[in-house]
Structures are given as C-alpha cells and as structure tokens.
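A quick write-up on the structure given underneath.
The values are calculated or read from the model by the stated rules, or taken from the named source; none is laboratory data. Computed from a prediction, not measured in an experiment: that's the story for all the values here. Backbone-built Cβ (ideal geometry, glycine too); neighbour counts: all protein chains shown. The protein model used for the area step is the full one, side chains on, heavy atoms only, and it has no ligands, DNA or RNA in it. Shrake-Rupley method; radii C 1.70, N 1.55, O 1.52, S 1.80 Å.
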Amino acid sequence: MDNTALQNSKKYLCIFGGGAIRGFAYLGAMMAMQEVGIEIKGFAGSSVGAVFASFAAVGYTIDELHKVFDDVNFDLFRDVQFNIAKNFAISKGEFFLDWIRECIEKKFYGSDYEKDKNNPVTFKDLKEDIMVITSNMNGCTPFVFSKYSTPDFEIAQAVRISTALPGLFEPFEYDGKLLIDGDMMKSWPMWRVDSPLCPDEYRILEFRLEGSKNWDKVKNSIEYLNAVFAILSNFATDYIESTYQPKDKFDYIKIDTDKVLPVQFTLPYEERIKLIEIGYNTTIDYFKNTLVEKRKKLLPHYEVLLDKLIRAKNNITLNHIDKAKSRICEMFVYLCEAKRYIDIAIYDDIVKFKDYFFNNIKTSPVLKRTSLKDKRQVEYYANQLNIRLLDRCMELKAYIESMES
C-alpha cells in the first residue's frame, strides 16, 4: 500500500455546522476522525460549530475539549425567551464572549496567560486555518472571518458573532454589515460561501447536526419553534447531501441527534454522553463503510479517464494528431457523465488540457497534415494531467484497501 497516497486520501478541511447544545456530538466525531487517521488541514464553523472549530484550531486536544465543554456553565441560557425586545435580543452576549475569549487565550498563551492582560488572539496569530461563518442581514449574504479577509480581527469576537442566534444575542455591526448567526446560511453548502472554504488541495468534510423529523405533539412555543427550524434544516441538508455527496471532493456527515433540539440550552450529563456516542458512531460508520462504498464507485470513473488520456498521449507522441483528437473527444464525452462524481479541480484540469490541445492544432494546406504548434508543451500538460489522475486512482485504492484489510 502506498502510504503517501493513503495520507493524501485522508486530508480534509472540516466545516462544523451549528446546533446549539447538540455540538457535544462533535467530540465523538473528533474521536472517530482521530481513530481513522483523518488529517484536518483547516477548520471552519458556524454557530456552535464555530466555537468547536476555533477551540480545535487553537490546539485543544479531544480530552481537553471534553473537559472544557463539561465545565461550561449553561445557566446563561436557562431563561431564554424568544420575543421582540430592545435590540431584538435578551443578551448582549458579553458573558459568552468572555468565556470564549478566556478559553482561546488560555490555550494560546499557555503559562503566559493572565486574565484580561494578554493581547486578543487574532486570525493571523494562528498557524492553523480557522474560518468563522456569519450571516449578513444587510444584503442577505454570507460573511466569513479568516486570516484571508480579516487577519487582525479577534477570533473570540468572530465566534460570538457567529453564535448570534436571533432573539438570543444582539446582531453585530461590522464594516457596514449587520452580522448574525452563521447557521442562517444553512440552506447553502457551507464551502460555497467563500473561496478559502474550498481549497483545491484538500477534500471538504462538512458536518450537519439534525434533530427529529417526527413530532407527535407540539406542546409549547419553544417546541413549535424547534419543529419549524427542523423542517427548514432537514430539507436543506437532505437536498445538499443528494446534490454534492456523490462528488469526490465533498463528504457530508449528518449526525441525527433525535430529540435533542437546536433551541435547547440545558442537558443532563447522561444526555451529553449519549450525544458524544452518536457523533462517534455516525462518523466511524461513515469512514469505515459509507465512504468505502462511495470511493469504490468513484474509482472506475478515474480509471476510464486515465485510460483514454494515456491512449491520447501515445498518439501525440507518435504524431498521430487526428487519432489523438478522437481519443480526447471520447474522453470528453465520458466526462459529461463523470462530471457529477469526479473532483471539480480535476474536471477543470481536463477541460483546460482539452482546450490547450485544440488551440495548438495546425493544419498544413499543402501537405494536408495535422500537427501541433508546440508539441512539447502539449505533452507536458498531458503528463501533468496523467500524474493527477493516477495519483487520485492510487488514493482511492489505498483508502479502500486500508479500510477492508
């Protein structure tokens, strides 16, 4: 087994969605990813997912995260009432912000930490990529805090903004934007809201926390609000999964928290442990079973494309340009079917190679012979594409073998 190929098959940018107290499930998900050997190359999150992502990015281990979330005082949320009060919120979120800031600074500064004495930890301060997703009410657009767009902004403040659930925390004004909870963008795949969330070199793993779809009886206004939110959230997640899950680039793990609800702020210890177990079991099953079957279906598409490319390359080497044209056309016809499944970056590379090849064709009016203007450069691009397709085949095979051995 090629260890490099196996390692590359496990590199992800992880995006954690919101879900209030249901975020305990992410502890189990992290345990599962560590067990499987997933290498997280960057973190992103919205709402409670932003809390979890920022803590992981600053360097908290799974055991440390477990203790942090076990010790947090959820009494802040015990008397939440969703009504239209002054500033459309019952809290400015200062207590919550202080807690986030303290957790981040304690880990970042270590033994040098002094409460209220250290400089705020900004996005540019972290080696790890961390992106915090928020929703802009002025224009109904997403806004992402990161070292790419807001390097000097405090991470803790960005996380507080991303958790500004309407009715709980006040919106935050920033640079002409009125920002609230990042999960308001949940109808979108989160990787689509900003280009750094979809890097070419890594796969995307997006977690979504969903609750029960079945309501026997709605007893009060909070349950009614949860039922409405569940309709919108489950519908969006099911659609996004069906659209993007088949693609090699994207993996979606939907964690069903059953009766633990998004608008719920206290939870007994036993229920927290249950959420961790659900997160672990769901994630382990995905990587050991669901993803293996997915990659078994993906592999033949890359093998067919690679075979057609090799045939075209051989024709180019022999100066059989018309035959090469036919092979590349065959490859492109097959690509119409494979587009739904293969990595979008590889798809773009194939299109670029095709365009470059056809733009290099010249025909001699005298000899009526087809040739290439710059054969060496065409062969170079063909070889680069060959390497990329071969590497992807090796990655998929290595992952399948590792899980089935």
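Please specify each residue of region 138-157 satisfying the condition of being within 18 Å of the chain's Cα centre (by Cα) and not polar (S, T, N, Q).
P142, F143, V144, F145, K147, Y148
Just to be sure I understand, how many residues within region 12-65 are closer than 26 Å to E395 by Cα and basic (K, R)?
The number of residues fulfilling the criteria is 1.
Does V36 satisfy being more than 16 Å from the chain's Cα centre (by Cα), closer than 17 Å to K127 by Cα and touching a residue at least 60 places away in the same chain (Cβ under 8 Å)? Spell out the reasoning first.
On the way: more than 16 Å from the chain's Cα centre (by Cα): yes; closer than 17 Å to K127 by Cα: no; touching a residue at least 60 places away in the same chain (Cβ under 8 Å): yes.
No.
Could you please let me know if A85 is over 20 Å from A25 (Cα atoms), surrounded by 15 or more Cβ atoms within 10 Å (Cβ to Cβ) and at pLDDT below 95? It would help to see each step written out before you state the result.
Details: over 20 Å from A25 (Cα atoms): yes; surrounded by 15 or more Cβ atoms within 10 Å (Cβ to Cβ): no; at pLDDT below 95: yes.
So A85 fails the test.
Are any of the residues in region 136-144 among the hydrophobic types (A, V, I, L, M, F, W, C), out of contact with any strand residue (DSSP E or B) (no Cβ under 9 Å at 6 or more places or on another chain), modelled with pLDDT of 95 or more and in a loop (DSSP other than H, G, I, E, B)?
Within region 136-144, the subset among the hydrophobic types (A, V, I, L, M, F, W, C) is 137, 140, 143-144.
When the remaining residues are screened for being out of contact with any strand residue (DSSP E or B) (no Cβ under 9 Å at 6 or more places or on another chain), the result is 140.
Restricting the remaining residues to those that are modelled with pLDDT of 95 or more gives none.
Taking every residue of region 136-144 in turn, none turns out to be among the hydrophobic types (A, V, I, L, M, F, W, C), out of contact with any strand residue (DSSP E or B) (no Cβ under 9 Å at 6 or more places or on another chain), modelled with pLDDT of 95 or more and in a loop (DSSP other than H, G, I, E, B).
Considering only residues that are part of a loop (DSSP other than H, G, I, E, B) and either at negative phi or touching a strand residue (DSSP E or B) at 6+ places or on another chain (Cβ under 6 Å) (or both), which ones fall in region 160-176? Give the derivation first.
We begin by selecting, within region 160-176, every residue part of a loop (DSSP other than H, G, I, E, B); these are 163-166, 170-171, 175-176.
Correct list: T163, A164, L165, P166, E170, P171.
Considering only region 99-137, how many residues are in contact (Cβ under 8 Å) with a residue 40 or more places away in the chain, within 22 Å of the chain's Cα centre (by Cα) and surrounded by fewer than 17 Cβ atoms within 10 Å (Cβ to Cβ)?
Matching residues across region 99-137 total 1.
Filter the helices (runs of 4 or more DSSP H) completely within region 256-367 down to those with at least 2 residues that are within 30 Å of F96 (Cα to Cα) and open to solvent by 70 Å² or more (accessible area, probe 1.4 Å). Spell out the reasoning first.
Working: elements: 269-285, 291-317, 321-338, 344-359.
Those helices (runs of 4 or more DSSP H) span 269-285.
Answer yes or no: is there a residue in region 166-177 that is within 25 Å of N234 (Cα to Cα) and under 17 Å from the mean Cα position of the chain (by Cα).
The answer is no, given that none of the residues of region 166-177 is within 25 Å of N234 (Cα to Cα) and under 17 Å from the mean Cα position of the chain (by Cα).
Checking S242 against (1) open to solvent by 40 Å² or more (accessible area, probe 1.4 Å); (2) at pLDDT below 90; (3) in a helix (DSSP H, G or I), which test does it fail?
(2)
I'd like to verify a number: residues in region 37-55 that are out of contact with any Phe, Trp or Tyr (no Cβ under 6 Å at 6 or more places or on another chain) and under 16 Å from W99 (Cβ atoms), how many?
Residues in region 37-55 being out of contact with any Phe, Trp or Tyr (no Cβ under 6 Å at 6 or more places or on another chain) and under 16 Å from W99 (Cβ atoms): 6 in total.
Conditions first: (1) exposed (fewer than 15 other Cβ atoms within 10 Å of the Cβ); (2) farther than 30 Å from F250 by Cα; (3) polar (S, T, N, Q). Q384 passes all but one, so which condition is the exception?
Status for Q384: all satisfied but (2).
Going through region 145-159 one residue at a time, which ones are part of a loop (DSSP other than H, G, I, E, B), touching a strand residue (DSSP E or B) at 6+ places or on another chain (Cβ under 8 Å) and open to solvent by less than 50 Å² (accessible area, probe 1.4 Å)?
S146, P151, F153
Identify all residues within region 180-211 that are farther than 26 Å from M137 by Cβ and either at pLDDT 90 or above or touching a strand residue (DSSP E or B) at 6+ places or on another chain (Cβ under 8 Å) (or both); write none if there are none. Write out each step before concluding.
Taking region 180-211 first, the residues farther than 26 Å from M137 by Cβ are 199-205.
Residues satisfying the conditions are P199, E201, Y202, R203, I204, L205.
Can you tell me how many residues within region 160-196 are open to solvent by less than 50 Å² (accessible area, probe 1.4 Å) and of a type in the set (G, A, S)?
Matching residues across region 160-196 total 4.
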